Amino acid sequence: MRILIVEDEVKIATYLRKGLIEASYRVDMALDGKEGLFLALHEDYDAVVLDIMLPELDGLQVLKRLREHKRTPVLLLTARDTVEDKVVGLESGADDYLPKPFAYAEFLARIRALLRRPVQSVDTVLSLGDLEIDLIRRRVRRADVRIDLTAQEFALLKLFAERQGEVLTRAFVTSQVWDINFESDTNVVDVAIKRLRTKIDNPFEKKLLHTVRGMGYVMELRS
């Protein structure tokens, strides 16, 4: 398998490249965002390791342009590890997020996890019934009505739409959207679900987001 590393810190890029080669991957390197974007668009990679703070084009700009054409799995690397930064990165199209500094063993495990995922379609629109979610433009419509969502609401909806038909526990949702450990007495998920429902479900006859008592929530069409 072939991996692209886009990282302007030469020591880090060289270290990661050496480790991946020893793990039997083919590896290319780019030291700025412009070169990284060119390679990502014109070559075939199984995964891209992308730093956010890059010269020429920053990592989020590279990611946005890449997502207009390809669904290559992307692991973001960054020294910024606030929840807000993670939400922005994931909502820009990243598949995973690893803050610096990190252990190489964790980095390799995340790369392997990305490569195990099914290849995603180039289609950037998710749909369920009359609900449409444009992942690139971050626009949501239902029954031809535009629905405005916050970044967090969009992240929550995207998670359920990508896993429609699956019952998602509160613990799983918090780990994916808020990147925090679930505590039994927190109602952050319930509150967020309630707010999302007021926008995507309450104004419409057919409901898409359902509660599964004692387990969590599921997004699906029901007759």
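Values quoted throughout were computed directly from the atomic coordinates according to the rules given, and no laboratory measurement underlies them. Everything quoted here is computed from the prediction, not taken from an experiment. A quick note on method: Cβ atoms are made from the backbone with ideal geometry, for glycine too, and the neighbour counts reach across all protein chains shown.
In the chain, the calculated helix contribution to ellipticity at 222 nm averages -11000 deg cm²/dmol per residue, counting -39,500 (n - 2.57) for every DSSP H run with n ≥ 4. Taking trypsin sites (Lys or Arg not before Pro) as exposed when DSSP calls them loop and at most 10 other C-beta atoms lie within 10 angstrom, the chain has its longest site-free stretch at 1-136.
Scanning residues 5 or more positions from Met29 or on other chains, those with amide H under 5 Å from its amide H are Ile5, with H placed 1.01 Å from N in the peptide plane. When the Cα positions of His42, Leu54, Ala79 are compared along the charge dipole of segment 2-116, His42 comes out farthest toward the positive end, with charges on each C-beta of Lys, Arg, Asp and Glu.
For the listed residue pairs Lys18/Lys86; Lys64/Lys86; Lys18/Lys64; Lys11/Lys86; Lys34/Lys86; Lys34/Lys70, the alpha carbons are over 18 angstrom apart in Lys18/Lys86; Lys18/Lys64; Lys11/Lys86; Lys34/Lys86. Residues whose amide H comes within less than 5 Å of that of Arg139, counting only those at least five positions distant or on another chain, are Asp134 (H built at 1.01 Å from N in the peptide plane).
Coupling constants for segment 107-117 follow from the phi torsions by the Karplus curve (6.51 cos²θ - 1.76 cosθ + 1.60, θ = phi - 60°), and in residue order they are 4, 5, 5, 5, 4, 5, 5, 4, 6, 7, 5 Hz; glycine and proline get x.
Rounded to the nearest 5, the antiparallel percentage of DSSP beta bridges internal to the chain is 50%.
Listed by chain and number, the aspartates and glutamates whose C-alpha is less than 15 Å from the C-alpha of Lys206, apart from same-chain residues fewer than 8 away, are Asp130, Glu132, Asp144, Glu220.
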